[in-house]
Amino acid sequence: MAEPTLLYCVGATKAGTSWFYRTLADHPECGLRSVKEAHYWDTFETDVRDKQVVAFRKRLETFRATRDMAASQGIRWQEENMARQVADIEGLIRVLEGDRTGDVAYAGWLAAGAEGKMLVADMTPNYALLSEALFARMAALRPVVRFVYLVRDPLARLWSHVRMQAERKLLPEETLEKKANATLWRILNRGQERHIVERGDYPGTVARLKRAIPAGMLRIEYCERLFTEAGLRDMCAFLGIGFSGRMPEGKVHEGPKVALREDLIPAAVKFLKDQYDWAAREMGPLPREWQDNLARMAA
């Protein structure tokens, strides 16, 4: 039987990649590992790799504790689920710390347990920042490779990312709403928090992808459209799998509801205007949410 298609979902951050992962993880033709983001291609530098391994080891400790507790309480399904996640992370850590010659160990980790499946995947939004050389190397790993880059309404994506970062750095005496809005203000007025903006650089990422890989390997999609049956059917056809009929309900990892200050909205949309213009020019008609937020620039 032919090797399964290898999917790289390379972002964008806060643009529906977790929803997409859950959809494919539940698909009967897909053999995805329980680790959504492998962080293989963005950890070739030793210090970056070591930091990522530390994060995986912390997650591993939590999963082991949950597995052991489930075993002690006789909750078999949970024990088995956590045992799988433990094994997946242990294997991934060995890959990250081991020999990367030819990316053989990584490819083997992705495919393990996927016998008879049509698709395996690594869905790491941080890959959107990779170089053309790495994109080309990724494309050459398997006979059939597909890249997907999801884009979301720029204002909604930026605000979601800002909220996530603010929550992670929240101090006991701070409120999330005030911190998130202050972070956005600094982005708009002082050019700070550049990493948040770079994660939503749709034109830059797509330009590098198009220069590095054949057109037939790449699909750029509005996440708002992917969340519809028509959009998901088209995506499944691109990936070479059937439409299972399953549509996860609700957003995944949406984060806390925090109000965006009305006075910041026009400036934020103006700041992101190039993203809206690029999408309208390169991808066709903007989804309704994009159009509504773009109109708020003049409010």
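The values are calculated or read from the model by the stated rules, or taken from the named source; none is laboratory data. Computed from a predicted model, the values in this text were never measured in an experiment. Here Cβ is always computed from backbone atoms with ideal geometry, including for glycine, and neighbour counts include all displayed protein chains.
Points worth noting:
- Contact annotation: residue pairs with Cβ atoms under 8 Å, 6 or more positions apart or on different chains, pairing a residue in segment 268-283 that is aromatic (Phe, Trp, Tyr) with a partner that is assigned to a loop (DSSP other than H, G, I, E, B), are Tyr276/Leu286.
- Looking across Glu224, Glu193, one residue alone is closer than 22 Å to Arg296 by Cα and not β-branched (Val, Ile, Thr). It is Glu224.
- Close pairs (7 angstrom Cβ cut-off, 6 or more residues apart or separate chains): of a type in the set (S, T, N, Q) in segment 52-67, crowded, with 18+ Cβ neighbours inside 10 Å and not in a helix (DSSP H, G or I) anywhere: Gln52/His39; Gln52/Thr43
- Of all residues in segment 35-52, those being assigned to a helix (DSSP H, G or I) and crowded, with 18+ Cβ neighbours inside 10 Å number 1.
- Any hit, segment 70-79, residues being free of Cβ contacts under 8 Å to residues at least 40 places away in the same chain and within 19 Å of Lys36 (Cβ to Cβ): no
- Among the residues of segment 5-34, none is identified as within 22 Å of Met164 (Cα to Cα), more than 11 Å from the chain's Cα centre (by Cα) and either surrounded by 21 or more Cβ atoms within 10 Å (Cβ to Cβ) or hydroxyl-bearing (Ser, Thr, Tyr) (or both).
- Among (1) loosely packed, with under 15 Cβ neighbours inside 10 Å; (2) part of a helix (DSSP H, G or I); (3) touching a residue at least 12 places away in the same chain (Cβ under 8 Å) - the single one Gly91 does not satisfy: (1)
- Selected residue (only one of Leu134, Leu150, Leu155 is assigned to a helix (DSSP H, G or I) and either crowded, with 17+ Cβ neighbours inside 10 Å or of a type in the set (Val, Ile, Thr) (or both)): Leu155
- Subset of segment 101-131 that is crowded, with 18+ Cβ neighbours inside 10 Å and of a type in the set (Val, Ile, Thr) - its residue that is farthest from Arg199 (Cα to Cα): Val120
- Failed item, numbered, when Ala2 is tested on (1) surrounded by fewer than 19 Cβ atoms within 10 Å (Cβ to Cβ); (2) under 21 Å from His161 (Cα atoms); (3) aliphatic (A, V, I, L, M): (2)
- Residue in segment 106-127 that is part of a strand (DSSP E or B) and in contact with a Gly (Cβ under 6 Å, 6 or more places away or on another chain) present: yes
- Selection from segment 271-288 of residues that are over 23 Å from the mean Cα position of the chain (by Cα) and surrounded by 14 or more Cβ atoms within 10 Å (Cβ to Cβ): Phe271
- The numbered conditions (1) modelled with pLDDT of 95 or more; (2) over 30 Å from Ala136 (Cβ atoms); (3) not hydroxyl-bearing (Ser, Thr, Tyr) are all true for Pro172 except (1).
- Residue in segment 66-76 that is closer than 28 Å to His195 by Cβ, modelled with pLDDT of 95 or more and not in a loop (DSSP other than H, G, I, E, B) present: no
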